[in-house]
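Step one of this worksheet: look at the structure below.
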Amino acid sequence: MNPARSTLILLAALTLVTGCGAKKKRIDNASKMQQLGIAKLREGDAEGAVADLTQAARLNPKDPETRHVLGMALWSKGKIIGDDSLMTEGEKHILQSFEMKGKEVPGDWHNNLGALYVDLRRWPDAVVELQKALKDPEYRTPERPLNNLSKASLEQHKYA
């Protein structure tokens, strides 16, 4: 075989291996940032969670879990500071996570979006999402969407 061709093949193989390693490292870093963001969100540090989850989404933009939790963090931050535009930005990320997930959107994600719509006082949208959560046979906490549906009904003065 031609030595120049052998060198070219070797360089191509090394580039491929190096590229795969870099991608794996980037995804690993995204996973770490996601975990850190989730921990901060649970602790009530919505601002820190938004920063970490935004970084995780940049590192791995195709991960629906990261996109969903980023939406939750934006919603939380918007709720804390009273900024509906941040909550709407959170909605966009949550909807993107639904698109990325396809037909396999879990019931708790529907409940999360429904609860966000309750906070935004978008009652019809809330009812649709909360009913989807209730229809998920694998969803184990139906009391959550039922509670959110009750709040939506009370706010609309629908007591039946």
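The values are calculated or read from the model by the stated rules, or taken from the named source; none is laboratory data. Note that the coordinates shown come from a computational prediction; the quantities given were computed from them, not determined experimentally. Cβ atoms come from the backbone with ideal geometry, glycine included; neighbour counts cover every protein chain shown. Note: areas computed on protein heavy atoms with side chains; ligands, DNA, RNA excluded. Shrake-Rupley method; radii C 1.70, N 1.55, O 1.52, S 1.80 Å.
For beta carbons closer than 9 Å, sequence separation of 6+ or different chains, a first residue in segment 132-145 that is aromatic (F, W, Y) and a second that is crowded, with 18+ Cβ neighbours inside 10 Å, the qualifying pairs are Y139/G107; Y139/H110; Y139/N111; Y139/A133; Y139/P145.
The set of residues from segment 129-141 being open to solvent by less than 70 Å² (accessible area, probe 1.4 Å) and either hydrophobic (A, V, I, L, M, F, W, C) or farther than 8 Å from G107 by Cα (or both) comprises E129, L130, A133, L134, T141. Evaluating K62 against the criteria (1) assigned to a helix (DSSP H, G or I); (2) surrounded by fewer than 22 Cβ atoms within 10 Å (Cβ to Cβ) leaves one unmet condition, (1).
Of all residues in segment 92-106, one or more are among the basic types (K, R), under 24 Å from A56 (Cβ atoms) and open to solvent by 80 Å² or more (accessible area, probe 1.4 Å).
Among the residues making up segment 74-120, those that are in a helix (DSSP H, G or I) and among the small types (G, A, S) are S76, G78, S85, G90, S97, G107, G114, A115.
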